[in-house]
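The values are calculated or read from the model by the stated rules, or taken from the named source; none is laboratory data. Given the structure is predicted, the values throughout are model-derived calculations rather than measurements. Methodologically, a virtual Cβ is constructed for each residue, glycine included, from the backbone with ideal geometry; neighbour enumeration extends over all protein chains shown.
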Amino acid sequence: FGCMDGFDEMKEWSYTDINHYSSKLVLNDNVTTSQVDNIVDEVDGERLMESSIEIKANDVKKSGVVTVLDDNELYSPTDDNKNPIEIKDGEISLSRKMAELLDVKVGDTVKWHIMGSDKWVSTKIDRLHSDPTSQGIIVTKEKLNDLNLNYTPTSVITSQDVKDNYSGVKTIFSMNSLTDSWDDMMESSMTAIYLLAGFAALLSVIVLYNLGLLSFTEIKREFATLKVLGFKSSYLRKLLLTQNLWFTTIGFVIGVPLGLETLQYLWGTMGDSFYLKASLSLKTLIITFLITYVVSILVNLMFSGKIKKLNMVESLKDNE
């Protein structure tokens, strides 16, 4: 369930909080400036440059993306809490995941170059941003020019739903098509998650039953003694249920933080391009709480018949 929360969060973060456009027109490599200007005017769009880069620091080299902003309103860099942040003209912002991979922090210096160019530049990290699917550097057009690097728009983004093709445009992506592709990609993952959840529930039944059987064996004499003293089977069943629910509560309280740590480790193994903080929604906590307690109660019911059929004489003799 934590994985489901993570995938939903990643989708909303990427396609709602960061990218606000309705259409993205990817430009040809040989597009002219006049063609770009015409496209921007026709669709009331914004220029955006996204190019592959190599970046290195501390003897570590990684591949990433440089995103160059030009007064963009349809693309908003965010912090760890998914709040929009402003990248000023003289600033270099490094993604938090890339900073972890390179073992650098704000104030450190990194070297990088755009793929296809041999010119390396050294820049100081002014701030960190967070992105779930794209790791690298964000700068403004003015900062790129200060570094004597060419500003070459690679796409035009717009709030319009563009259907017509334009000269100089390679392909058009709509936000709906991007989210649909994401859903299709996640469909197979969700199937695996449902299977894992089912096996986890089955495993919990097996584990709780065996623990309950062990516990019942240990306290069988005490229950027999209580029955001799006149306590009814219904009271003993309630006593056993209370004990199991307390154990379940303790296990739930301990298991949630451990589950978050496991989930964070899982996100860390997804590759250099993905970044996500492990979190659980209130809905997920409630669902897992209910499933855990329902399973515990069902297992407890399996022992109800054992309490009713408990032979007091034999149980007391077995423990002599």
Any chance you could count how many residues in the stretch 252-284 are free of Cβ contacts under 8 Å to residues at least 60 places away in the same chain, polar (S, T, N, Q) and in a helix (DSSP H, G or I)?
2
Given (1) in contact with a Ser or Thr (Cβ under 9 Å, 6 or more places away or on another chain); (2) within 19 Å of MET49 (Cβ to Cβ); (3) basic (Lys, Arg), identify the lone condition not met by LYS97.
(2)
I'd like the residue in the stretch 121-131 that is out of contact with any Gly (no Cβ under 9 Å at 6 or more places or on another chain) and farther than 17 Å from VAL68 by Cβ and, out of all such residues, is surrounded by the most Cβ atoms within 10 Å (Cβ to Cβ).
SER130
Condition first: among the small types (Gly, Ala, Ser) and farther than 30 Å from GLN35 by Cβ. Can you find one or more residues in the stretch 160-174 that meet it?
no
All but one of (1) under 21 Å from TRP13 (Cα atoms); (2) surrounded by fewer than 15 Cβ atoms within 10 Å (Cβ to Cβ); (3) modelled with pLDDT of 85 or more hold for ASP183; which doesn't?
(3)
Inspect the stretch 111-123 for any residue being in contact (Cβ under 8 Å) with a residue 12 or more places away in the chain, among the β-branched types (Val, Ile, Thr) and within 23 Å of LYS277 (Cβ to Cβ) and give the result as yes or no.
no
Sort out which residues of the stretch 11-42 are assigned to a strand (DSSP E or B) and not hydroxyl-bearing (Ser, Thr, Tyr), and write them in order of number.
ASN19, LYS24, LEU25, VAL26, LEU27
Tell me which of these ASP80 doesn't satisfy, since it passes every other one: (1) free of Cβ contacts under 8 Å to residues at least 40 places away in the same chain; (2) surrounded by fewer than 13 Cβ atoms within 10 Å (Cβ to Cβ); (3) within 23 Å of the chain's Cα centre (by Cα).
(1)
Looking at the structure I just gave you, is TRP112 surrounded by 18 or more Cβ atoms within 10 Å (Cβ to Cβ) and in contact with a Lys or Arg (Cβ under 8 Å, 6 or more places away or on another chain)?
yes
